[in-house]
Amino acid sequence: MEKLIIENHTDLPMAEVLSYVKAVLLQGRISGDNNQYCYHSGFEDGVVISTIRNEKSDRFVLTHSKRLQQTLQGALEDSRP
């Protein structure tokens, strides 16, 4: 049995999110010696999908590159002395 976990960190409705996940699924397992879906997939509109292979599932984490950039910038600022 396969299990997919989808984390939507965008403002997109789930119906739209599923189309992005489908695009990654259709590529197949192309990362990590062909045992994981593409580690990071970017789309022209700024949507980014990161995948994580768990023991019993695959996790798809969707974010928008602008939001990701803000999150990373915040983390960098928090780590400065």
Do we have any residue at all in the range 26-46 that's in contact (Cβ under 8 Å) with a residue 12 or more places away in the chain and β-branched (Val, Ile, Thr)? no
Which of the strands (runs of 3 or more DSSP E) found entirely inside the range 11-76 contain at least 3 residues meeting this: touching a Ser or Thr at 6+ places or on another chain (Cβ under 6 Å) and either within 26 Å of residue 1 (Cβ to Cβ) or at pLDDT below 85 (or both)? 58-64
When residues of the range 29-53 are limited to those that are surrounded by fewer than 14 Cβ atoms within 10 Å (Cβ to Cβ) and among the small types (Gly, Ala, Ser), the one farthest from residue 65 (Cα to Cα): 32
Only one of 26, 4, 18 is among the aliphatic types (A, V, I, L, M) and surrounded by 14 or more Cβ atoms within 10 Å (Cβ to Cβ); which? 18
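The values are calculated or read from the model by the stated rules, or taken from the named source; none is laboratory data. Because the structure is predicted, anything quoted here is derived from the model rather than measured. Counting neighbours? That spans all protein chains shown, and the Cβs are built from the backbone with ideal geometry, glycine included.
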